[in-house]
Amino acid sequence: MKLATLKNGTRDGVLVVVSKDLTMCSAVGHIAPTLQAALDDWEHVAARLERVAETLESGSQPAQRFREHDAMAPLPRAYQWLDGSAYVNHVELVRKARGAEMPDTFWTAPLMYQGGSDTFLGPRDEILCAGEEYGIDMEGEVAVIVGDVPMGSAVEDCANAVRLVMLANDVSLRNLIAPELAKGFGFVQSKPSTAFSPVAVTPNSLGTAWKNGKLTLPLNVELNGSRLGNPNAGVDMTFNFPQLIAHAAKTRVLTAGTIVGSGTISNKLEGGAGKTVADGGVGYSCLAEQRVVEMLEHGAPKTPFMSFDDVVRIEMKDEAGVSIFGAIEQTVVQA
């Protein structure tokens, strides 16, 4: 089952069920007016939404054309947004960039921060930034939306908490990160609003691509029409989603609608930091990684961060080449 939220002039939009090929959708306000309302009553409404999805595929359900440009983030705002860093290769590289040590504990317990969740960007919304000197970067990620998770839940129980899976662009302002973290109190200014894919998908709809709490497909990231990377989201993921969820719930309850992110998808290459697509590697999901590799190999980064009018596109396709979640495609615009 695929779900989306369409713009209707309100903060939370209107919930629709979307066809597998992302061409048609059907409004389901009679079942749940918004995705948050559906998540709050998932045990009662999920089966009804699944039936709508089935009849939508058979052509017996009233439907309208689905346009990704009309979509908001599946959850336009959420009670909580927790972004992990499950790909330790990424952590290691970006810490090298700012001269920070890599503690051994990073391999045994995930990093996680709580980001702003009052306003998420839709898949075609502009990335607004006051200045290019902030170091504007994309971060291609997978994210899950969970149901209620009791405090102290075991990892095996958290596997059943995943309601929906989607893609994210966790925008980062790299040149603000180091001085902000140096204060010892975490991200605020350096992490503006995150964008999410047009569609969120139930894990069972992903088939064998959803395995052991991981999404095992390549993520395609493009900048201005050129491939930046296509790392596999299931490779080099040190902590799977049940582990990330359990980490978040260690000392708090997670309410239905909490979003948990994977962190930037990052693959090693032959035990090393990775290579660009042009050099035969799988590339990168963010510019910071490419810049670190350039610095390690050449003494200084060559690739600039994003500029105004740059366009980033993030998408994942199934083995048949069909887009699963639709595409995040955003233009950087001066605020």
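The values are calculated or read from the model by the stated rules, or taken from the named source; none is laboratory data. Treat the numbers as computed from the prediction; the structure is a model and nothing was measured. We place every Cβ from the backbone using ideal geometry, glycine too, and count neighbours over all the protein chains shown. To get the accessible areas, we keep the full protein, side chains included, count just its heavy atoms, and leave off ligands, DNA and RNA. Shrake-Rupley method; radii C 1.70, N 1.55, O 1.52, S 1.80 Å.
Tabulated data
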item: Extreme residue, nearest to the chain's Cα centre (by Cα), among residues of the stretch 181-215 that are farther than 27 Å from Asp125 by Cα and part of a loop (DSSP other than H, G, I, E, B); result: Gly213
item: Filter pass, Val16 being assigned to a strand (DSSP E or B) and within 22 Å of Gln330 (Cβ to Cβ); result: yes
item: Residues located in the stretch 198-256, provided they are more than 30 Å from Met306 (Cα to Cα) and open to solvent by less than 40 Å² (accessible area, probe 1.4 Å); result: Thr202, Pro203, Leu206, Ala209, Gly213, Pro242, Ile245, Ala246, Ala248, Ala249, Leu254, Ala256
item: Number of positions in the stretch 53-69 that are under 27 Å from the mean Cα position of the chain (by Cα), assigned to a helix (DSSP H, G or I) and surrounded by fewer than 20 Cβ atoms within 10 Å (Cβ to Cβ); result: 3
item: Any hit, the stretch 143-158, residues being under 24 Å from Asn230 (Cβ atoms) and either part of a strand (DSSP E or B) or open to solvent by less than 50 Å² (accessible area, probe 1.4 Å) (or both); result: yes
item: Filter result for Leu6 (within 16 Å of Val201 (Cβ to Cβ) and open to solvent by less than 40 Å² (accessible area, probe 1.4 Å)); result: no
item: Hits in the stretch 268-290 - residues which are open to solvent by less than 60 Å² (accessible area, probe 1.4 Å) and either aromatic (Phe, Trp, Tyr) or at pLDDT 85 or above (or both); result: Thr276, Val277, Gly281, Val282, Gly283, Tyr284, Ser285, Cys286, Leu287, Ala288, Glu289, Gln290
item: Matching entry among Arg48, Arg11 (being modelled with pLDDT of 95 or more, part of a helix (DSSP H, G or I), open to solvent by 30 Å² or more (accessible area, probe 1.4 Å) and not hydroxyl-bearing (Ser, Thr, Tyr)); result: Arg48
